[in-house]
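Structure first, commentary second.
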Amino acid sequence: MSSFVAVATARAINEFDDTLGRKVWHQYWDTGLTYGRSYLARLHYVNHNPVHHRLVSVATDCPWCSAARFEAEAEPGFRRTVESMPIDRVEVVDDF
């Protein structure tokens with residue numbers, strides 16, 4: 001999401017909720033990914049994040065996570081590739 005899109009969606013959400021000026025996007029930043037494997041590792045990380053934070057024991061059980069949809073809709077070969085990417089070296093500020 002670009003900074004422009006973040007600002008536009010924040011304004012739209014606040015207008016919809018009639019709460020103008022409220023901060024919507026917390027801890028938001030853009031990261032330019034330069035390697036395909038980096039993208040795949042981050043996709044794996046995002047799908048695994050609810051387990052990492054102990055919200056669920058299986059990521060697909062989290063209703064706010066894309067893991068269930070990814071499992072249901074991604075091509076099996078692509079899904080295996082993503083799930084094989086190591087996430088222990090993904091450097092993301094994630095202290096929530």
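The values are calculated or read from the model by the stated rules, or taken from the named source; none is laboratory data. Only a predicted model underlies this, so the values are computations on that prediction, with no experimental measurement involved. For neighbour counting, all protein chains shown are included, and Cβ atoms are generated from backbone atoms with ideal geometry for every residue, glycine included.
Listed values, structure above:
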quantity: In the stretch 76-90, the residues that are surrounded by 10 or more Cβ atoms within 10 Å (Cβ to Cβ) and among the acidic types (Asp, Glu); calculated: 83
quantity: Condition broken by residue 87, with the remaining ones in (1) at pLDDT 90 or above; (2) touching a Lys or Arg at 6+ places or on another chain (Cβ under 9 Å) satisfied; calculated: (1)
quantity: Selection status of residue 79, modelled with pLDDT of 90 or more and part of a helix (DSSP H, G or I); calculated: yes
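Conditions tested, residue by residue: (1) out of contact with any Leu (no Cβ under 6 Å at 6 or more places or on another chain); (2) surrounded by 10 or more Cβ atoms within 10 Å (Cβ to Cβ); (3) of a type in the set (A, V, I, L, M); (4) at pLDDT 90 or above.
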| site | (1), (2), (3), (4) |
| --- | --- |
| 9 | yes, yes, no, no |
| 14 | no, yes, no, no |
| 19 | yes, yes, no, no |
| 26 | yes, no, no, no |
| 35 | yes, no, no, no |
| 59 | yes, yes, yes, yes |
| 92 | yes, yes, yes, no |
